[in-house]
1. On a 0 to 90° scale, report how tilted helix 236-245 is relative to the longest principal axis of the chain, with both axes built from alpha carbons and the result rounded to the nearest 10.
2. Between THR146, THR35, THR407, where does the largest GNM mean-square fluctuation fall for the chain, given springs only between Cα atoms within less than 10 Å?
3. Any chance you could check the Cα centroid distance between the stretch 1-56 and the stretch 387-428 for me, in angstrom?
4. Pop the C-beta distance of SER54 and LYS3 into the FRET formula with R0 = 35 Å and round what comes out to the nearest 0.05.
5. Among VAL388, VAL342, VAL31, which one shows the biggest mean-square fluctuation in a GNM of the chain, springs joining Cα atoms closer than 10 Å?
6. Please work out how much length the chain gains when fully extended from PHE36 to GLU404, using 0.36 nm per residue of separation minus the C-alpha to C-alpha distance, in nm with one decimal.
7. Estimate the FRET efficiency between THR247 and PHE147 by the formula 1/(1 + (r/R0)^6), using the beta-carbon distance for r and 22 Å for R0, to the nearest 0.05.
8. Return the calculated 222 nm mean residue ellipticity for the chain, to the nearest 500 deg cm²/dmol, obtained by summing -39500 (n - 2.57) across DSSP H runs with n ≥ 4 and dividing by the residue count.
Amino acid sequence: MQKDTVTIINNRTNEKFEYPILDGTVGPSVVDISTFYQDTGMFTFDRGYTSTASCRSKITYIDGGKGQLMYRGYDISYLAKNRTFLDTAYLLLNKTLPSKEELEDFSIEMKKRSFIRESMKKLFDAFPDNAHPMAILSASVSALSTFYFEHLDIDKPNEYMEMAKRIIAKMPTIAAFAHRYSQGLPIIYPDLGRGFTENFLYMLRGYPHRHIDLKPIEIKALDTIFTLHADHEQNASTTTVRNVGSTHAHPYAAISAGIGALWGRAHGGANESVIRQLEMIGSVDRVDEFIKRAKDKDDPFRLMGFGHRVYKNFDPRAKILKEIRDKLMEEGIGVNSELVKVANKIEKIALSDEYFISRKLYPNVDFHSGLILQALKIPKEMFAVIFVIGRTPGWVAQWIELQEQPTIKIARPRQLYVGPVDRTPKDD
Ligand code: SDX
């Protein structure tokens, strides 16, 4: 049967080229243009890859129009409401949700790997006070590989799960240690009697030799934030992880690079920028001035926490986080401070203003997660770090999926060269 194709006509040369249409299980089909350069002598051009699919994947599906997000076929609202972050991490890595026993075993596996080598503390010591924890995190994940080099043989697929568990299990410990060091506080080691998310909060807030009780609603709020951030298709940091993985670099190097990409304020750094921006605006009386600036094409100011490359409807994660914000508020966590009043006014205006509606700029995951983390009294420098802890299982699952391809093509795009030519001095 004739394959469905797209025909491209080059009207400079009147040549016609046909490219096959490939269909997925759901979502937009793709046109396979792998031979386009070989056929035409030209490259395609797609700034920011707005219309480009970089890979086949079975992990996460997003329908930006419907505001839908699924991990391995499970809707995010089901996972956020009925499962834990460890369930979700297990699902991303193993392609199925764990049974009760499998989850218990996975939790023990995580606890066993939650410690880091004592000598890693020398690395933390090297950073100045108030070093941004994202810098410490990226350096520490790369440094982890020096302690486990016997497990770095990426030609042995059975090593992948070991690397995955180590990185996922150690990320909260490194994150908490980074925070404690940057504040000059004594580090708190993992408590094997606590679950994954509770343990992170404990390492962040605890005191040596003193038991602290953490509120279940706070643990659930943070666990849900981790679940909502666990993966998100081929976003900028996941693309970075895959690009590094395509050179056959091990996952510690790939995830260290992914942390760097996530740090940018247009990406995972947005949750910290949301709070900084709300603090800068300062009062509800100044909101109109900044809405005006956000709409001014000549002003680089943008509303942090609004807009998304894929979601042209609401971000489903933002909807779930808004519910969590309201629940915390009912419990008196995250009092209705001036900052929250500013956020509520911005959201109200943005949802009714033509500029935002016509560009489909809705509050995204970072708008509400920033406010929740603020309510949980987590320092804003740690917001992107929280995003990293959540996203790590997704990054590792995407790295493994890449390695499991029959052949790996190294990521190597081309360019439209617009620079100078013929400047080399001619021999006299
Ligand atoms: C994340 O990709 C992912 O999946 C990412 C993520 C994940 O889970 O991995 O979902 C996490 O990164 C969420 C996004 C967090 N970033 C922010 O909140 C930063 C603020 N948002 C913008 O920087 C922007 O909306 C982006 C980066 C999120 C999306 O940028 P796009 O898709 O490239 O959109 P664009 O820059 O082409 O903007 C389209 C129009 C432009 O106006 P016009 O030129 O058409 O007149 O919308 C305007 C933009 O000026 N616009 C904004 C705006 N975002 C876009 N105007 C004011 N404020 C904003 N926030």
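All of the numbers you see were taken from the coordinates with simple rules; none came from a lab. Note that the structure is a prediction, hence the values are computed from the model and not measured. Note that each Cβ is placed from the backbone with ideal geometry, even for glycine, and that neighbours are counted across all protein chains shown.
1. Roughly 70 degrees, rounded to the nearest 10.
2. Among THR146, THR35, THR407, the largest mean-square fluctuation in the Gaussian network model of the chain belongs to THR35.
3. 20 Å
4. On the way: r = 22 Å, r/R0 = 0.63.
For SER54 and LYS3, the calculated efficiency is 0.95.
5. Result: VAL31 has the largest fluctuation of those listed.
6. Values: separation 368, 0.36 × 368 = 132.48 nm, distance 2.59 nm.
Here the answer is 129.9 nm.
7. Values: r = 22 Å, r/R0 = 1.00.
The pair THR247/PHE147 has a calculated efficiency of 0.50.
8. Details: 18 runs with 213 residues, N = 428.
Using -39500 (n - 2.57) per qualifying helix, the result is -15500 deg cm²/dmol.
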